[in-house]
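Student: Sharing a structure below in structure tokens format, with a few things to ask.
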Amino acid sequence: MQQFTHPNIRPLIVDTHHPEGIVPNKLIEVVFILRCDPAILIRRLRRKKWSHEKIRENVMAEAVDSCYITARSCYANKKLVQIDTSHADVKHSVEIAKNILSGEKAPDLSVNWLSKLEKDASLARYLGC
């Protein structure tokens, strides 16, 4: 991955669930998709006192790869990097992103939460949260 070096544009970080149309594709260097095991995500959101409905919505979106699929429909696969935040704090996740932006090879992450939830028979439980 090359360093961002456009002479007239400073690097920019955009935090969104809906990336399409915000920044022109030709200016995108990398898209980070932060992932989290649904079992851990539900605990995090409960600690934040999110509503039952918002927790269910977010856990299901994570389980079915919603953000990843949206990013894939907008950007070239080579620009996408998934970071598993399940067991990482913010500082560690930022370090991974910074290293990738500095030219380090991105970790090879392919998650399939839906398969995991089906395997451990917890899918029905998360549908109801």
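Read-outs throughout are calculated quantities, based only on the coordinates presented, and are distinct from any laboratory measurement. This is a predicted model, so every value here is computed, not measured. Note that we place each Cβ from the backbone using ideal geometry, even for glycine, and neighbour counts take in every protein chain shown.
Student: With +1 on each Lys and Arg Cβ and -1 on each Asp and Glu Cβ, and nothing else charged, work out how big the dipole of the chain is about its Cα centre, in Debye to the nearest 20.
Tutor: Around 320 debye, computed over the chain.
Student: Right, another one. Take the alpha carbon gyration tensor of the stretch 46-88, find the square roots of its eigenvalues, order them as a ≥ b ≥ c, and report rounded if a/c is under 1.5; if not, report prolate when a/b exceeds b/c, else oblate.
Tutor: Taking the square roots of the gyration eigenvalues as a ≥ b ≥ c, the stretch 46-88 is oblate.
Student: Leu27 versus Arg43, label points 7 Å from Cα toward the beta carbon: distance in nm?
Tutor: It works out to 4.0 nm between the two label points.
Student: Can you tell me the length gained on complete extension of the stretch Asp120 to Lys91, counting 0.36 nm per residue apart and subtracting the Cα distance?
Tutor: Once the chain is fully extended between Asp120 and Lys91, it gains 7.4 nm.
Student: Computed from the coordinates I sent, Rg and Dmax of the Cα atoms in Å equals one of [x] 14.3, 43; [y] 20.5, 72; [z] 16.1, 53. Tell me the label.
Tutor: [z]
Student: Taking only pairs that are 8 or more places apart or on different chains, how many Lys pairs in the chain have Cα atoms under 16 angstrom apart?
Tutor: Lysine pairs, 8 or more places apart or on different chains, close enough: 5.
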